[in-house]
Amino acid sequence: MSRYVYDFDEPAEGGRDLLGGKGIGLAEMTQLGIPVPAGFTITTDACRAYMTSGGQLPDGLEEEIEEHLARLEETTGKRFGDPNDPLLLSVRSGAAVSMPGMMDTILNVGLNDDAVASGERFVQDSYRRLIQMYGETVDHIDAQRFSEALDEDDLEQTIETFKGIYEDETGRPFPQDAKEQLGRAVRAVFESWNTPRAKAYRRHNRIADDLGTAVNVVQMVFGNKGDQSGTGVAFTRDPSTGEQGLYGEFLADAQGEDVVAGIRTPEHVSEMQQRLPQAFDELVETMRRLEEHYKDLQDIEFTVEEGKLYLLQTRSAKRTAAAALKAAVDMVDESLISREEAVARIDPGQLDQLLHPRIDPDTNYEVVAKGLNASPGAASGGIVFDADTAEDRGRNGDAVILVRWETTPDDIHGMIAAQGILTAHGGMTSHAAVVARGMGKPCVAGCEALSVDAQAKTASIDGTKLAEGDVITIDGGTGEVIVGEVALIPPDINEDFETVLGWADDLRRLKVRANADTPEDAAKAREFGAQGIGLCRTEHMFMAEDRLPVVREMIMASDEDERRAALDKLLPHQQSDFEGIFEAMAGLPVTIRLLDPPLHEFLPPLEEARDERMRTRIRALQEANPMLGTRGCRLGLQFPEIYEMQVRAIIRAAAAVQQRTGDAPLVEIMHPLVGFQEELRRLRALTIDTATDEGDVEYLVGTMIELPRACIRADEIAEEADFFSFGTNDLTQTALGFSRDDAEGKFLTFYLQDGVLERNPFETLDQSGVGDLMRIAVERGRGVKPDLKLGICGEHGGEPASVAFCHTLGLDYVSCSPYRVPLARLAAAQAALAEQGVEAVSVGG
C-alpha cells in the first residue's frame, strides 16, 4: 500500500516533489535542530490520488493521519479535541513549486465552543479566526461577510456573529468535532490546487497542472498571546536589491496571516530587537545558518510565542532580477557558490525586469502620494479597479494600472494583464508586493493617501479625485504616485548584470545574434552583446514613408522595364540602409533576408485606391490565403529583378563599407520560403551572377527553413545552401496548420485554458512537432554538408526553453529581438550547464 504521510523528523526519499516546498523546508529545519513546531506532511501523491478519483481520499490516508496525529499528541503532551488544553493545528498547502498566496491555509483547527469557555482573549481571537478561515476556505463563504462583521473590541460577540454567518450560509452550525474540522480542512487544501486563481498563476508561470500540493499539519504556536509574542516575515537579503542586511516585517501580538494579508501595517523587523531581544538574536543567527545551508537568499516565516522563537517556513525567496544578480555575484565573492551555480540560478525571463522603462530624471512632475517601493520599474496607464476589467482592457491592448485597497489571490488574472499595481494597504511582503516582484511588474503598496471605492469605480489621492480610465504613473522603485503620464526611459544595465552575463558567455556554446532591421536596432543589439544579425527583414525598409510611393510605383508597373526603373530608385535607399547596418555590426555576420511578404501588403485597401488602375492591380494581387501565396522565393522567381536589385544593394554596401573601414562585412544572403531544391538552385545562380557583376565581396547564400517540406528534403536543399536559418514563426504556422493571428485571437486561448495545450506554441517552441521537423532538417542537411551553418531567427530564439532545445539540436546560433539578447545569452549558458549536469535552480519553495 502507498504511504502518504511523513513526520517532519522522518526521512522521505521523494524530496521536494513528494513533500512540497514547505514540507521539505520544515523537515530539513527539524533535522538541522532549528526550532520548528512539530507536525507532519501529507504528500503530493495523496493530492494527485484525490484529484484523479474525483474527490475521494485514497485508501489508507485517514488511518495514516490518525496514526501521525497520535504521535503528535505524544510529542506535544496535548490531545487534539481536548476541551481544556487542546492541541491546535494549522493546515497549510505547500506545492513543489512556490505559488505564494495561491492556495489555502486554515489556522487553529481543533478549537470549539468548549475550549474557548475560559474566555482568554487570545483564545477568543484564535477561535474567531478559525471560524472565518474555515468558512471562507472550506465552505466558500464570501470573505466580505466576515470582515464587515469583525469587532476587535468585543471578540465574544464577534464569535457569535461569525457562527451565525456560518450557519446562515451553510445551513448547519459550525462543526464542533475537531477531527471533522481536520478532515474537511485537508480536503479543502487539496481542492485549492484547482481554484481559478491557482490555475491562472500556473498558466502564467508555466507550472504543470498535475503536480498537486502537499498538506502540512503543524502544531499551532501563537503570536497573539500578548506583547511578548508576535509574528513576522524576514529575508536573509533584501529581495528588491539583493543587499545584505536585515530585511522583513514584524507584528506584535498577531498571527502569521496578519502580515501577508495587509490587515495591519507591520513594523520593520529590527523593531523586534527592542521588544524581544533574545528571540531577535536567535532569529538573526538562525537566518545566517539557513542561508549558509541552502546557499541562497531565504524567505522565512516565524512566530514568537511568549518569548520563544519558532520557524514556520523557509524557502528560496522570490526576488527581483536586480536582487537575483547582486545576490548571485556577492555569494560567488563570499565563496558560498560557484560561478556555474550563480549562472544556473538566474531566471533568464526575469532579466526582462532590468530592461523595463523608468521615469526620465529630467522630466518635471508632481508626486501626489508615496507608498512602499514594493517592486521596481515604472509604468503609466489608465486606472482600473477590478481584475476582470484589467484583463479585458489589457487584452484590447490598453495600458492599465490596477488600483486596489489590497490585492488578493483572486486578482491574479488582472495583475498579469496590468502594467503595474497600486494598493492603499499592505506592506513589502503583502500579496501585491510578492506577486508583482515575481512578475517583474512595478508595484507601489501601502499608499496611505489613497482611498478606493471599488463599487463606485473612483479613487482619491490626497484630495485628488480620480475615475476609472484616468491616467496615473507609478514608480515601484521609489514608491511615488503621479497623476498623468510621465516620460519613461530605458534603464541602465548595471555591473552585476554584466558580470553574470560575462560568466554566461564563458560557459555557452551557442552564439546569440539579433533580429534587427535598422542601424539603430543593430547598435542596440550590439550593446546587449549580440554576435551578429540573424535576421534583417528588408521589407521593413520598403515601408518607410519616403520609399513607399516608389515601391507602389514598382508594383503598379505594366512591364519589366517600368519595374526596373522604379527599382533603380529604390536601390540607393537599400544600399544606404545596408551600409549603416554593416558599420554597426563591423566584424560580425549579418544575415539579410530578401523580400518576403506578398506585394499586396504594400498597397492601400481597395477602398482607398486612388484610381481604377490601382483598384485593378489590387484585385489582381488579392489571394485567398496570402501567407501561403505569392511571397518569398515565389515572388523572387516570378519577378527576379526585385531580388537582383536587393543583392546589388547588399554587395555595393559591403564594398563601400570595406573601402571606408578596411573591414570586410560578413554577408549572408537569405532566400525565404524555399520548399524545393530547384527554387534555391535558381535563386543561388541569380545571386551569384548579380554579385559577380558588382565586384569582389565575400558572401554566403542560404535559405530560411520555414516549411515542413524544406525540413523533410533538407538534404536536397543543403546542396544549394551555405547555411540554414529556421524561421520558426512560419514553420509553426505551416506545421500546425495554425494562422497565428486567428489562433491567438480565438481558439488558442481556449486550448490553453482548457488544457488542450500546455504552452502557446508561438511563444515556446513545439518541440515534439515543430522540433522534430527541425531535428530532421539538421540531420539531413549536415548529412550532406557537415559544416552547414545552422541558426534560428524566429522569436523562439529568445525564449529560454526553446534556446535549450536549439542547444541540444547542435545549432550554431540563435537570433532574437535586441532586448531579448541578454535572456538568450543566459539561457544558452544554462543549456550548456544542464548538459554537464548543473541544473537551473527553481527560486521559491
Cβ neighbours within 10 Å, averaged per peptide: list 88-98, 680-690 in order, most packed at the top.
88-98, 680-690
Amide H within-cut-off set for residue 443, under 5 Å, with H built and near neighbours excluded:
374, 375, 421, 476
Cut-off under 5 Å, modelled amide H: who pairs with residue 226 long-range:
253
Relative contact order for the chain using alpha-carbon pairs under 8 Å, separation at least 6, rounded to a whole percent?
10
When the Karplus curve 6.51 cos²θ - 1.76 cosθ + 1.60 is applied with θ = phi - 60°, which whole-Hz ³J(HN,Hα) does each residue of segment 59-75 get, with x for Gly and Pro?
4, x, 5, 4, 5, 5, 4, 4, 4, 6, 5, 4, 4, 5, 4, 5, 5
Amide H contacts of residue 449 (H built 1.01 Å from N, under 5 Å, at least 5 apart or other chain):
370
Charges only on Cβ, +1 for Lys and Arg, -1 for Asp and Glu: so what's the dipole of segment 1-93 about the Cα centre, in debye to the nearest 20?
400
Give, in nm to one decimal, the length gained when the segment between residue 565 and residue 757 is fully stretched (0.36 nm per residue of separation minus the Cα-Cα distance).
64.1 nm
Links that overshoot a 27 Å alpha carbon limit, given the list 370/441; 22/511; 457/746; 22/746; 308/370
22/511; 457/746; 22/746; 308/370
Could you work out what % of the accessible surface of the chain is carbon and sulfur, using a 1.4 angstrom probe and leaving DNA, RNA and ligands out of the count?
45
Prolate/oblate/rounded call for segment 41-165, Cα gyration tensor, a/c under 1.5 rounded
oblate
To the nearest 20 Debye, how big is the dipole of the chain about its Cα centre, given +1 on the beta carbon of each Lys and Arg and -1 on that of each Asp and Glu?
2100
Which of 106, 50, 83 sits farthest toward the positive end of the charge dipole of segment 1-148, with +1 on the Cβ of Lys and Arg and -1 on the Cβ of Asp and Glu?
106
Give me the accessible area of residue 392, 1.4 Å probe, in Å² rounded to the nearest 10.
80
Relative to the first principal axis of the alpha-carbon coordinates of the chain, what is the inclination of helix 770-784, with its axis defined by its Cα atoms, in degrees from 0 to 90 and to the nearest 10?
40
Measure off 7 Å from each Cα along the Cα-to-Cβ vector at residue 62 and residue 338, then give the distance between these two points in nanometres to one decimal.
5.2
From largest accessible area down, sort 193, 503; use a 1.4 Å probe on the protein chains.
503, 193
For segment 16-71, what is the relative contact order in percent, using Cα pairs closer than 8 Å and at least 6 residues apart in sequence?
28
What nm value, rounded to one decimal, do you get for the distance between residue 700 and residue 210 when each label is placed 7 Å out toward the C-beta?
4.1
Listed residue (200, 658, 294) projecting farthest to the positive dipole end of the chain, Cβ model:
658
R0 of 30 Å, Cβ-Cβ distance residue 244-residue 364: FRET efficiency to nearest 0.05
0.25
Ranked order, 518, 473 - accessible area, probe 1.4 Å, largest first
518, 473
From largest accessible area down, sort 614, 103; use a 1.4 Å probe on the protein chains.
103, 614
If R₀ is 51 angstrom, what is the calculated FRET efficiency for the pair residue 292 and residue 464, using the beta carbon separation as r and rounding to 0.05?
0.55
Rounded to the nearest 10 Å², the 1.4 Å probe accessible area of residue 282 is 80
Given R₀ = 25 Å, FRET efficiency for residue 76-residue 228 by Cβ-Cβ distance, to 0.05?
0.75
Here segment 628-636 yields Karplus 3J(HN,Hα) values (6.51, -1.76, 1.60; θ = phi - 60°; whole Hz; Gly and Pro given as x) of 10, x, 7, 8, x, 4, 5, 5, x
Return the sequence-ordered ³J(HN,Hα) values of segment 301-312 in whole Hz as given by the Karplus equation 6.51 cos²θ - 1.76 cosθ + 1.60 applied to θ = phi - 60°, using x for Gly and Pro.
10, 9, 9, 10, 10, 6, x, 9, 7, 10, 8, 9
Within segment 172-194, the residues whose backbone N lies under 16 Å from a label point placed 7 Å from the Cα of residue 117 along the Cα-to-Cβ direction are 176-178
Within segment 156-305: Cβ-based charge dipole about Cα centre, in debye rounded to nearest 20 (Lys, Arg +1; Asp, Glu -1):
680
Which order do the peptides 812-819, 632-639 come out in when sorted by mean C-beta neighbours inside 10 angstrom, highest first?
812-819, 632-639
Got the relative contact order for segment 165-232 handy, in percent, Cα pairs under 8 Å and 6 or more residues apart?
19
So how much accessible area does residue 576 have, in Å² to the nearest 10, using a 1.4 Å probe?
70
Using a 1.4 angstrom probe, figure out how much accessible area the chain has per residue, in square angstrom, rounded to the nearest whole.
40
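The values are calculated or read from the model by the stated rules, or taken from the named source; none is laboratory data. Worth saying up front: this structure is predicted, and the values here are computed from it rather than measured. Please note: Cβ atoms are built from the backbone with ideal geometry, for glycine as well, and neighbour counts cover all protein chains shown. Areas reflect the complete protein model, heavy atoms only, side chains present, ligands, DNA and RNA absent. Shrake-Rupley method; radii C 1.70, N 1.55, O 1.52, S 1.80 Å.
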